[in-house]
Amino acid sequence: MSKIYLSPPDVGNIEREMLIDAIDSGWVAPLGPHVDGFERELSYYVNAQNAVALSSGTAGLHLALVSLGVGPHDEVFVSNKTFVASANAVAYVGATPVFIDSEKSSWNMCPQALEEAFIAKKRAGKLPKAVVCVDLYGFLADYENIQRVCRNYDVPLIEDSAEALGSHYQSKHAGTFGDMGVFSFNGNKIITTSGGGMLVTANDDRAQHIRHLATQARQPRLEYHHLEVGYNYRLSNLLAAVGRAQLSRLEDILDRTTAHHKGYCKRLDSLPGVEVHKGDHTTRPNYWLTCVSLNKSCPASRDDVIEKLAAEDIESRPTWKPMHMQPVYKDCELFGKPLSKEIFETSFCLPSGSTLTSSERERICDIIESLF
């Protein structure tokens, strides 16, 4: 049997045809008709006014902060339970991340902890320059309350939706709750361009400035002329072609990841001490990765399950290690109960990609059940 991965790329003939079209057109640089088309089609899909195609989701977070003027001596509130890129982007601009812990229902940023952080920082006379809130595993944060808190203090909100393309609450898509939203198209995401990302915003001037910064901030003159520091962050036309093909298949991909989540719930929720994470604040999650938590009554530990699956050549992995537990950010402040530590120590991700077959999923469930 071949190895089963968490979320491998799902590409085929449509992607191949679009990529060949891009090559045949001669547009292989970080601009061209597929870049324009990908921006147009994704902005339409998520109902955003502007979209800027970039080389990665991390580049999007970096440019979002740059566009807000965040720099040395500033602080930025960041979700504590996330992939390190969310915090690294803050470090790129010389600012300091301040971590906000999770709420139990969604595992995302806790609005109460966020408000506590704002109260403390206002008392100290130093409000943050921005808030970076992450949508973990395709589940949305409690934006009704998070937006309210950010508005009360007049601090911009950046939505890190790297893992949440296709998720939405009622009719509003992930990525469109903040002043800016960022998606990732890394090789393991719900759709991929191999590597790539997209920033969306309703602010026309900001989108134009970010696009300018992403192309080395070159001025529209005959000679190379620059008024500010820019970055080489634009997506290539070749990768944008793959992205357009992937986006055209997104609804089918979501149907399959949803089926896998429901299949895991049916088999695993009945086991003692086991709970499949179902999130909250999300009308339709994309179920990028299905995650499972084990409580104290469970006869097996997180590591027991991971080791048992690995012995069968099946990839599983602990959920994101909280930022306050990372040595590189050990000196940063944390607000809220350290719930994310408990989630990390008791939860893990299961193979959930759209290429997973139902028989492979059932085999995974059989192996986990054998531990009980």
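Sub-9 Å Cβ pairs linking a first residue in segment 336-350 that is crowded, with 18+ Cβ neighbours inside 10 Å to a second residue that is among the polar types (S, T, N, Q) and modelled with pLDDT under 95, at least 6 apart or interchain, are THR346/ASN295; THR346/SER301, ordered by first then second residue.
Entry remark, segment 136-183: residues being among the charged types (D, E, K, R) and farther than 22 Å from VAL93 by Cα number 6 in total. For segment 3-57, a residue qualifies if it is in contact (Cβ under 8 Å) with a residue 40 or more places away in the chain and among the hydroxyl-bearing types (Ser, Thr, Tyr), and the qualifying residues are TYR5, SER7, SER25, SER43, TYR45, SER55, SER56. Limited to segment 149-169, what total is found for residues that are within 21 Å of PRO322 (Cα to Cα) and surrounded by fewer than 20 Cβ atoms within 10 Å (Cβ to Cβ)? So the answer is 0. The set of residues in segment 1-26 being in contact with a strand residue (DSSP E or B) (Cβ under 9 Å, 6 or more places away or on another chain) and under 17 Å from LEU250 (Cα atoms) consists of SER7 alone.
Taking the criterion of being free of Cβ contacts under 8 Å to residues at least 60 places away in the same chain and buried (at least 20 other Cβ atoms within 10 Å of the Cβ), the only residue of segment 213-252 that qualifies is LEU239. Tell me whether segment 254-261 contains one or more residues that are touching a strand residue (DSSP E or B) at 6+ places or on another chain (Cβ under 9 Å) and in the same structural domain as SER43 (by TED's automatic domain parsing). Taking every residue of segment 254-261 in turn, none turns out to be touching a strand residue (DSSP E or B) at 6+ places or on another chain (Cβ under 9 Å) and in the same structural domain as SER43 (by TED's automatic domain parsing). With a requirement of 1 or more residues that are assigned by TED's automatic domain parsing to the domain that holds ASP142, of a type in the set (Asp, Glu) and on the phi < 0 side of the Ramachandran plot, the helices (runs of 4 or more DSSP H) lying completely within segment 20-121 that satisfy it span 33-46. For segment 96-148, taking the residues that are of a type in the set (Gly, Ala, Ser) and either under 21 Å from SER161 (Cβ atoms) or buried (at least 16 other Cβ atoms within 10 Å of the Cβ) (or both), the one that is farthest from the chain's Cα centre (by Cα) is identified as ALA117.
For the condition more than 30 Å from ILE20 (Cα to Cα), touching a strand residue (DSSP E or B) at 6+ places or on another chain (Cβ under 8 Å) and free of Cβ contacts under 8 Å to residues at least 12 places away in the same chain, ASP303 does not qualify.
Within segment 1-42, the set of residues being within 26 Å of TYR287 (Cβ to Cβ) and surrounded by fewer than 18 Cβ atoms within 10 Å (Cβ to Cβ) comprises MET1, SER2, LYS3, TYR5, PRO8, GLY12, ASN13, ILE14, GLU41. The sole residue among LEU250, LEU309, LEU271, LEU238 that is of a type in the set (A, V, I, L, M, F, W, C) and within 19 Å of GLY175 (Cα to Cα) is LEU250. Taking the listed residues LYS262, LYS278, the one that is surrounded by fewer than 19 Cβ atoms within 10 Å (Cβ to Cβ), within 18 Å of the chain's Cα centre (by Cα) and within 21 Å of TRP107 (Cα to Cα) is LYS278, with no other qualifying.
Considering only segment 159-193, state which residues are over 13 Å from the mean Cα position of the chain (by Cα) and at positive phi. Residue satisfying the conditions is GLN170 alone. Could you give me the residue pairs with C-beta distances under 7 Å whose first residue belongs to segment 152-173 and is under 24 Å from SER7 (Cα atoms), whose second residue is assigned to a strand (DSSP E or B) and of a type outside the set (A, V, I, L, M, F, W, C) wherever it lies, and which are 6+ apart or on separate chains? Hits for this filter: GLU159/GLY181; SER161/GLY181; ALA162/SER184; SER167/ARG284; HIS168/ARG284.
The values are calculated or read from the model by the stated rules, or taken from the named source; none is laboratory data. It should be emphasised that the depicted structure is a prediction, and the values quoted were computed from it without experimental measurement. Using ideal geometry, Cβ is built from the backbone for each residue, glycine included, and neighbour counts are taken over all protein chains shown.
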